[in-house]
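Visitor: Below you will find the structure I want to go over with you.
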Amino acid sequence: PPTRAGRPPPVGAWPRDAEVRAGVGYTTGVCQGIVPRVAPPSRSTTQVWPATRTGNAAIAGGKLWAPSPIEGILTPLDLHDLHVTGPVARIMRPASAIALGDTLWVVESLGDQNLGVPAVLQKVDPATGELLGHRVPIGRDVGWPAAGAGSIWVPAVSRHAILRVRPLSPGPPPQ
């Protein structure tokens, strides 16, 4: 049977994503934009507010990358104390970030986050925040991606399907 390790620590309203690295948990929330860091076993919590709203974050290049569709930024946060640890990447409406191996990808909405809005996948250098290569169109009404089997998997909601995107190796040059 499943077990629980005590009372869960508070992480803010509407947590939508969880990332874990070295036993430490991070969440993002679409309502408040707060990013908490929870470190067991003490359950000590550190939190920052990098944006009005934060989407699906990813850990890549030793940083937590928190997208904000409202501000149009992808913010790199230090995994230990959550300070901004490099240049903020400017991306039109980054909704979701995904790490695949040593690479970082962002789902960028080309509209105002309504149903039927087209989206693209954009590669980002996790060391510098530079945008790499060309944006890859992935269709309309896509969900938050997952990584596995050397590919990025994107739910295509309106098509009732899942898209498999296999990045090329070597990757594209900086823009």
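Visitor: If you check Arg43, Arg53, Arg16, which single one turns out to be open to solvent by 70 Å² or more (accessible area, probe 1.4 Å) and modelled with pLDDT under 75?
Guide: Arg43
Visitor: Quick one: in the stretch 123-157, which of the residues that are small (Gly, Ala, Ser) and in contact with a strand residue (DSSP E or B) (Cβ under 6 Å, 6 or more places away or on another chain) is nearest to Leu77 (Cα to Cα)?
Guide: Checking each candidate, the answer is Gly129.
Visitor: Counting only residues that are within 18 Å of Val107 (Cα to Cα) and touching a residue at least 24 places away in the same chain (Cβ under 8 Å), give me the strands (runs of 3 or more DSSP E) lying completely in the stretch 15-96 with at least 1 of them.
Guide: Here the list reads 15-21, 24-29, 58-60, 63-68, 73-78.
Visitor: Residue under question is Val107, and the condition is that it be among the aliphatic types (A, V, I, L, M) and out of contact with any Phe, Trp or Tyr (no Cβ under 9 Å at 6 or more places or on another chain); does it hold?
Guide: no
The values are calculated or read from the model by the stated rules, or taken from the named source; none is laboratory data. This is a predicted model, so every value here is computed, not measured. Ideal geometry is used to build each Cβ from the backbone, glycine not excepted, and the neighbour counts take in all protein chains shown. These area figures cover heavy atoms from the full protein model, side chains too; ligands, DNA and RNA do not enter into them. Shrake-Rupley method; radii C 1.70, N 1.55, O 1.52, S 1.80 Å.
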